[in-house]
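Q: Take this structure, written in structure tokens, and hold onto it; I'll ask about it next.
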Protein chains: 2
Amino acid sequence: MKNCNEKKSEHLNCSIRQILDRFGDKWSILIISTLGHVGKQRFNELNQQIGDISQKMLTVTLRSLEADGLISRTLYPEIPPRVEYELTDLGRSLLPHIEQLALWAEQHMEAILKNREKYAHRVGFG
Amino acid sequence: MKNCNEKKSEHLNCSIRQILDRFGDKWSILIISTLGHVGKQRFNELNQQIGDISQKMLTVTLRSLEADGLISRTLYPEIPPRVEYELTDLGRSLLPHIEQLALWAEQHMEAILKNREKYAHRVGFG
DNA sequence: CAAAATAGTTACCTGTATGTAAGTAACTAA
DNA sequence: TTAGTTACTTACATACAGGTAACTATTTTG
């Protein structure tokens with residue numbers, strides 16, 4: 001972010017930094033893609049869907065996604081309370097790009113892991 | 001990564017975790033996109049292009065990208081030494097997806113920032 | 001002899017993102 | 001009165017990604 005509009009940084013560089021700043025954390029993208037996949041979800045449903053996220057990080061990440069207008073939060077003032085989270089249009093507009101990346105991963109991650117092994121051998125045994 | 005092939009996790013979820021594990025760091029994507037943009041580059045050229053990366057993180061990130069077969073490293077044994085980094089085909093195949101994300105950022109980041117402000121007001125004075 | 005240049009390596013330190021565990025409100029059911 | 005439910009909040013702890021700065025090898029130049 002810092003060196004945007006300074007010497008070397010073009011649009012692309014700057015946009016990528018924004019993406020990384022906003023979505024480089026551990027859970028945002030995963031929550032967006034989960035909501036995109038299953039539609040509306042309650043807090044505990046999301047918690048179970050994702051499986052290994054802590055309550056705290058789920059709350060924190062949902063809040064920041066809501067603040068940025070990527071998801072909407074609807075509270076039904078019942079007892080016990082019910083809250084439903086859903087992607088907004090803005091959030092949904094990000095989905096296809098995430099899915100493209102996931103597709104790329106499916107297609108190429110095996111190759112990457114093999115390269116990594118080869119490299120380890122080259123370095124390890126010269 | 002942990003809960004892939006456990007209960008709730010489908011392909012998508014799992015692929016996204018792989019992407020985040022591999023490319024969620026601060027510099028990998030930026031280096032790939034820089035190399036994609038300018039082509040072959042030397043160590044110090046990259047350092048200056050990016051501007052605010054430390055020598056250490058440039059070395060570390062270049063090494064791991066090389067290990068995964070995303071970039072190639074060519075050493076010319078001159079004095080002083082010259083080293084050139086370049087995207088491999090595998091690395092190049094990731095470029096369009098990165099650019100799609102960058103484009104999305106250009107188009108929507110302003111809206112996100114506005115939402116964030118609104119939300120801060122709602123919370124702060126609501 | 002000293003300085004400069006390239007492409008790093010190494011030791012050390014710190015901030016922050018994340019995790020853990022307990023607490024909260026409000027009500028229901030036994 | 002005890003436990004259970006939902007959707008959190010809060011306090012506390014920590015690991016690791018990343019930063020800083022010094023050091024390295026090798027040769028040319030002055």
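Q: Relative contact order (percent) for chain A, with alpha-carbon contacts under 8 angstrom and 6 or more residues of separation?
A: After rounding, I find 21 percent.
Q: What translational diffusion coefficient, to the nearest whole µm²/s, does the protein assembly as shown have by Stokes-Einstein, given a Kirkwood radius computed over alpha-carbon pairs, a temperature of 20 °C and 1.002 mPa s viscosity?
A: 108
Q: So the label point sits 7 Å from Cα along the Cα-to-Cβ vector; using that for B:Arg42, what distances do you get to the other copies, in nanometres, sorted shortest first?
A: So the label point of B:Arg42 gives 6.4 nm to the other copies.
Q: To continue, here is another question. Please check region A:20-45 for residues whose accessible area, probe 1.4 Å, is lower by 20 Å² or more when all protein chains are in place than in their chain alone.
A: A:Leu20, A:Arg22, A:Phe23, A:Gly24, A:Ile29, A:Leu30, A:Ser33, A:His37
Q: Rounded to the nearest 100 Å², what is the buried accessible area between B and A, both sides summed, probe 1.4 Å?
A: Details: alone 9340 and 9330 Å², together 13740 Å².
Chain pair B/A: roughly 4900 Å² of buried accessible area.
Q: Sticking with this one: With the full set of protein chains in place, find how many percent of the accessible area of chain B is carbon and sulfur; take the probe as 1.4 Å.
A: Carbon and sulfur: 53 percent of the exposed surface of chain B.
Q: With every protein chain left in place, what is the accessible area per residue of chain A in square angstrom, probe 1.4 Å?
A: Heavy-atom accessible area per residue stands at 55 Å².
Q: Another question about this same structure. If you average the C-alpha positions of region A:18-76 and of region A:94-126 separately, how far apart do those two centres end up, in angstrom?
A: Result: 26 Å between the Cα centres.
Q: Could you report the accessible area of B:Ser93 in Å², rounded to 10, computed with a 1.4 Å probe on the protein chains as they sit in the structure?
A: Surface accessible to solvent at B:Ser93 totals approximately 40 Å².
Q: Run the Debye formula on the Cα coordinates of region B:26-125, all scatterers equal and no solvent, and tell me log10 I(q)/I(0) at q = 0.10, 0.14 1/Å.
A: Scattering profile of region B:26-125, log10 relative to I(0): -0.38, -0.62.
Q: Enumerate the residues in region A:84-105 having an amide nitrogen under 11 Å from the point lying 7 Å beyond the Cα of A:Glu45 toward its Cβ.
A: It comes to A:84-86, nothing else.
Q: Take chain B, connect every pair of alpha-carbon atoms lying under 10 Å apart with a spring to form a Gaussian network, then pick out the residue of B:Leu75, B:Leu94, B:Leu65 with the largest mean-square fluctuation.
A: So, out of B:Leu75, B:Leu94, B:Leu65, the one fluctuating most is B:Leu75.
Q: So what's the back-of-envelope 222 nm ellipticity for chain A, counting only DSSP H runs of four-plus at -39500 (n - 2.57) apiece and dividing by all residues, rounded to 500?
A: So the helix-based figure for chain A works out to -21500 deg cm²/dmol.
Q: In addition: Given the options B:Gly51, B:Gly69, B:Gly91, state which has the largest fluctuation in a GNM of chain B using a 10 Å cut-off (strictly under) for Cα springs.
A: B:Gly51
Q: Got a number for the accessible area of A:Met57? Probe 1.4 Å, square angstrom, nearest 10.
A: About 60 Å², rounded to the nearest 10.
Q: Follow-up question, since we're still on this one. Taking the label point 7 Å from Cα in the Cβ direction, how far apart in nm is A:Tyr76 from each other copy of itself, listed shortest first?
A: 6.8
The values are calculated or read from the model by the stated rules, or taken from the named source; none is laboratory data. Here the structure is a predicted model, which is why all the values come from computation and not from measurement. Glycine also receives a Cβ, built like all others from the backbone with ideal geometry; neighbour counts cover every protein chain displayed. Only protein heavy atoms, including side chains, enter the accessible area calculation; ligands, DNA and RNA are left aside. Shrake-Rupley method; radii C 1.70, N 1.55, O 1.52, S 1.80 Å.
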